[in-house]
Amino acid sequence: MPMSRPPLIVVDADRPEAGAVQEAVRLLKKGEMIIVPTETVYGLAGDPRAPGLERRMYALKGRDEKKALPLMAADLDQVRAFGAVLDARALRLAARFWPGPLTMVLETPAGEEGFRVPDHAVMQAVLRAMDRPLRVTSANLSGEPAGLTAAAALKALGHGVALALDAGPSRIGTASTVVRLVKGKFDILRAGAIPADDLRAEPLVLFVCTGNTCRSPMAEISFRRHLRDAGLAWRTASAGVEAPGGFSASSLAVDTLAARGLDGRAHRSQRVTRELVDEAGLIVVMTQAHRMIVRRRFPEAAAKVHLLRDFDSRARGEDVEDPVGGTPGEYEQILTEIESAFPELILFLHDLDQANRSGGKESS
């Protein structure tokens, strides 16, 4: 049985001590409930395999049993291993917001389950040591404010837990945003740390070259018009694997775009970053070398990195060469090569949109 005055272990929020993590895991595997830190609020955690865990959690919190108890996982692999169905939209949201304060309600063989991958080193260490998701709900009495410190969580629930890990005040201090992604629908079930508009943002196509002053900005700006003409709600951006920030597009790139009625004067170069890679639903590179570099730097995004000319049936596997130092005619030829891939690329995005179509009105 849990102790009347459970032990509290102070842990480093960034580098949790192995002994504290091992003790937490030992108690969880015995079926005990413990208090854990996350970046949002403190949580009440337990092993879903423990007999009667959900019943005990509901009783301790005084929570309505009609309200589900979510799961926390260390990463997407643990979510998949639990049997969750992740469509393309769920994968885009996971790439952008996990680890972080987003809970996604997904289909599993046992019914709908809420999943979150926390952005907190202590909770990550516990989840990886457990090697499976845990039930984690806010560490407070139902209807009362969420616990933002271990002391507050202990005051509310200390009589029913075996351990509390104290990593200091919660960094965000607001509950996660909860979205339901089931049977193609997208519903916001609870407002939280991530604004609704960020979740609804149109998906991004990221074009990548080397310096982000010639090929990729021409692709970005030209494809934006093709998307509009096709009625697709994707955004475009571009970046370079070796790009210094803040440079204008080359004068010949600007002139080549202008000949098509497109304005490239506002473009400013930027380097490929993790934030851009996470935000992108699709990454389109100019050469095989660019694809290798992006996949090596961001291996978790490898599946969404594609060679531009693989979307051109007449030139699959071919690179789009760098026109730097070339003539106006050579810039025109490069843009023509880029645009020749757009029809198939539009069809590819249309298929992705079909997979992600909401099928219903969002609600909050």
Assigned charges on the beta-carbon of Lys, Arg, Asp, Glu; segment 11-93 dipole about Cα centre (debye): 420 debye
Setting aside same-chain residues fewer than 8 positions from LYS29, which lysines have a Cα under 30 Å from its Cα? LYS61, LYS66, LYS67, LYS155
Pick from LEU262, LEU44, LEU60: which is most flexible by mean-square fluctuation in a GNM of the chain where alpha carbon atoms under 10 Å apart are linked? LEU262
For LYS66, LYS183, ascending order of other Cβ atoms within 10 Å (fewest first) is LYS66, LYS183
³J(HN,Hα) across segment 278-290 via Karplus (A = 6.51, B = -1.76, C = 1.60, θ = phi - 60°), whole Hz, x for Gly/Pro? 5, 6, 6, x, 8, 10, 10, 9, 7, 9, 4, 5, 4
Near the amide H of LEU189, under 5 Å away, which other amide H atoms are found, from residues 5 or more places off or on another chain, if H is placed in the peptide plane? VAL178, VAL179, ARG180
Based on the mean of other Cβ atoms within 10 Å per residue, sort peptides 311-323, 156-168 so the most packed one is first. 156-168, 311-323
Simple SL model, points at 7 angstrom along Cα→Cβ for ARG314 and LYS30; separation in nm is 7.2 nm
For the chain, give the magnitude of the charge dipole about the Cα centre (Cβ charges: +1 Lys/Arg, -1 Asp/Glu; no others), in debye to the nearest 20. 1280 debye
Suppose each label sits 7 Å from its Cα in the direction of the beta carbon; what would the LEU141-ARG296 distance come out to in nanometres? 5.9 nm
Going toward the positive end of the dipole of the chain, with +1 on Lys and Arg Cβ and -1 on Asp and Glu Cβ, which of THR149, ALA73, LEU276 do you reach last? THR149
Test of understanding: ordering ASP14, ASP255 by Cβ neighbours within 10 Å, fewest first, what list do you get? ASP14, ASP255
Arranged from highest to lowest average of other beta-carbon atoms within 10 Å per residue, in what order do the peptides 195-204, 111-120 appear? 111-120, 195-204
May I ask you to derive the FRET efficiency for ALA50 and HIS306 from their Cβ-Cβ distance with R0 = 41 Å, giving the value to the nearest 0.05? 0.40
Semi-axes of segment 8-199's equivalent ellipsoid from the Cα gyration tensor, sqrt of 5 times each eigenvalue, largest first, rounded to whole Å? 24, 17, 17
Of all DSSP beta bridges in segment 159-244, antiparallel share, percent nearest 5: 35 percent
Would you order TYR58, TYR331 from fewest to most other beta-carbon atoms within 10 Å of each residue's own beta-carbon? TYR58, TYR331
Considering only C-alpha atoms, what is the centroid distance from segment 273-307 to segment 184-226, in Å? 14 Å
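Just for the chain, what percent of DSSP beta bridges are antiparallel, to the closest 5? Don't skip to the end; give the middle numbers.
On the way: 17 of 43 bridges.
So the antiparallel bridges amount to about 40 percent of the total.
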What is the dipole size for segment 198-258, taken about its Cα centre, with +1 at each Lys and Arg Cβ and -1 at each Asp and Glu Cβ, in debye to the nearest 20? 140 debye
Net charge contributed by nearby residues that have their C-beta within less than 12 Å of LYS67 (K/R +1, D/E -1): +1
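Every number here is computed from the coordinates shown, using simple stated rules; none is lab data. Since the model is a prediction, treat every value here as computed from it, not as a measurement. Cβ: placed from backbone, ideal geometry, glycine included. Neighbour counts: every protein chain shown.
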